[in-house]
Amino acid sequence: MSTPIQQLGYLGFGVSDLAVWERFGTDVLGFAIARRDEDGFSLRMDDHAQRYFIEKGDDDLAFVGWQVADREGLDECARRLRAAGVEVTEGTPEQCARREVKELITFRDPGGTPVEIYYGPRMADGPFESKCVGSHFVAGELGLGHLVISTPDRDRIRDFYIEVLGFGLSDHIQVNLGGYPVDVAFLHVNPRHHSLAMGGPMPKKIHHFLIQVASLDDLGLALDRTLDFGLQIVQGLGRHPNDRMVSFYAETPSGFQFEYGWGGREIEVGDWKPTVYHQISEWGHRFQPRRKPKVAAE
Ligand SMILES: [Fe+2]
């Protein structure tokens, strides 16, 4: 079954400290402020007018936005969701205006993650320029990156995305981490190796989101900026066997993590045989000792 979903279009985070997130989003990640309102601000990283919505909240994922091509794609998703017994709500004109999309629907996936599906996002007026990323973010039609969500019932939620929404299974990584069996499922909607992954229950709704840059130097510079900002590096540089991404992991100011990467592979959608890997990394991604909490002064 094919999917009407084209890409991971936007993410919403609820954060306790909007001011720190503003500096983190622009000075560390390299995004630019798109809009501000009474609830917070949004960030852009490519031609899309808004990719990240940062709102006052409880330091967790607030919502995930998936993009379809048009009204037909939106109706198809709503039809499939309702047939699967999921309660679907039409977005209000105010919600659509805030997201700058033509129409949207909202629902919760079986794990409780708030999800939106939309079409017709506004494209920004001018080309995107980052003040610290010299190449560019690998986004556009591949979507903003990927995210890994908490799943109380991993298989059921993986199957929901595959069987109801038509996501493709890329592969699994099954390993034993210090006596704990880990089994992560990776799903795709476009040539990006995975846009969504899930590995079981976690304290927050999100484990991490990925940002990809087009040059190795921009990855190294992001690592420097992360350290200079005083954020905790969780896993040092390494390379994953399945998406071939060279990346590091660090904590956002909200405690959940971001992965900053370069060199991820693209896959042939529709001609893809899922496999199972038995290592999380080909090399690196070593867990780093915890440092004292510190956020760089203004
Ligand atoms: Fe990742």
Filtered residues of the stretch 254-266 (kept if more than 15 Å from the ligand (Cβ to nearest atom) and crowded, with 22+ Cβ neighbours inside 10 Å) | 254
Residue list for the stretch 242-253, filter: within 13 Å of the ligand (Cβ to nearest atom) and buried (at least 18 other Cβ atoms within 10 Å of the Cβ) | 242, 243, 245, 246, 247, 248, 249, 250
Only one residue in 234, 276 is exposed (fewer than 15 other Cβ atoms within 10 Å of the Cβ), in a strand (DSSP E or B) and not aromatic (Phe, Trp, Tyr). Which one?
-> 276
For the stretch 192-208, does any single residue satisfy the condition of being in contact with a strand residue (DSSP E or B) (Cβ under 6 Å, 6 or more places away or on another chain), within 28 Å of residue 270 (Cα to Cα), in contact (Cβ under 8 Å) with a residue 60 or more places away in the chain and outside any strand (DSSP E or B)?
-> yes
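Which one is farthest from the ligand (Cβ to nearest atom) among residues in the stretch 211-231 that are in a helix (DSSP H, G or I) and small (Gly, Ala, Ser)? Spell out the reasoning first.
Of all residues in the stretch 211-231, those in a helix (DSSP H, G or I) come to 216-228.
Now narrow it down to the ones that are small (Gly, Ala, Ser): 220, 222.
Values: 220: 18, 222: 15 Å.
In this case the residue turns out to be 220.
Criterion first (buried (at least 17 other Cβ atoms within 10 Å of the Cβ), touching a residue at least 60 places away in the same chain (Cβ under 8 Å) and not assigned by TED's automatic domain parsing to the domain that holds residue 55) does residue 229 satisfy it? First the steps, then the outcome.
Values: buried (at least 17 other Cβ atoms within 10 Å of the Cβ): yes; touching a residue at least 60 places away in the same chain (Cβ under 8 Å): yes; not assigned by TED's automatic domain parsing to the domain that holds residue 55: yes.
For residue 229, the condition - buried (at least 17 other Cβ atoms within 10 Å of the Cβ), touching a residue at least 60 places away in the same chain (Cβ under 8 Å) and not assigned by TED's automatic domain parsing to the domain that holds residue 55 - is met.
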Starting from residues that are touching a residue at least 60 places away in the same chain (Cβ under 8 Å) and in a loop (DSSP other than H, G, I, E, B), keep the ones in the stretch 54-100 and report whichever is farthest from the chain's Cα centre (by Cα).
-> 84
When (1) within 14 Å of the ligand (Cβ to nearest atom); (2) touching a Cys at 6+ places or on another chain (Cβ under 7 Å) are applied to residue 207, the one that fails is (2)
Under 9 Å between Cβ atoms, at least 6 apart or on separate chains: pull out the pairs that start in the stretch 124-148 with a residue that is within 30 Å of residue 182 (Cβ to Cβ) and end on any residue that is surrounded by fewer than 23 Cβ atoms within 10 Å (Cβ to Cβ) and modelled with pLDDT under 95.
-> 148/199; 148/202
Name the pairs whose Cβ atoms lie under 8 Å apart, with the first residue in the stretch 266-282 and within 12 Å of residue 173 (Cβ to Cβ), the second surrounded by fewer than 13 Cβ atoms within 10 Å (Cβ to Cβ), and 6 or more positions between them or separate chains?
-> 280/177
Go over the candidates 183, 217, 224 one by one and state the one that is within 20 Å of residue 284 (Cα to Cα), in contact with a helix residue (DSSP H, G or I) (Cβ under 8 Å, 6 or more places away or on another chain) and not assigned by TED's automatic domain parsing to the domain that holds residue 60.
-> 183
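The values are calculated or read from the model by the stated rules, or taken from the named source; none is laboratory data. This is a predicted model, so every value here is computed, not measured. Neighbour counts run over all protein chains shown; Cβ positions are idealised from the backbone, glycine included.
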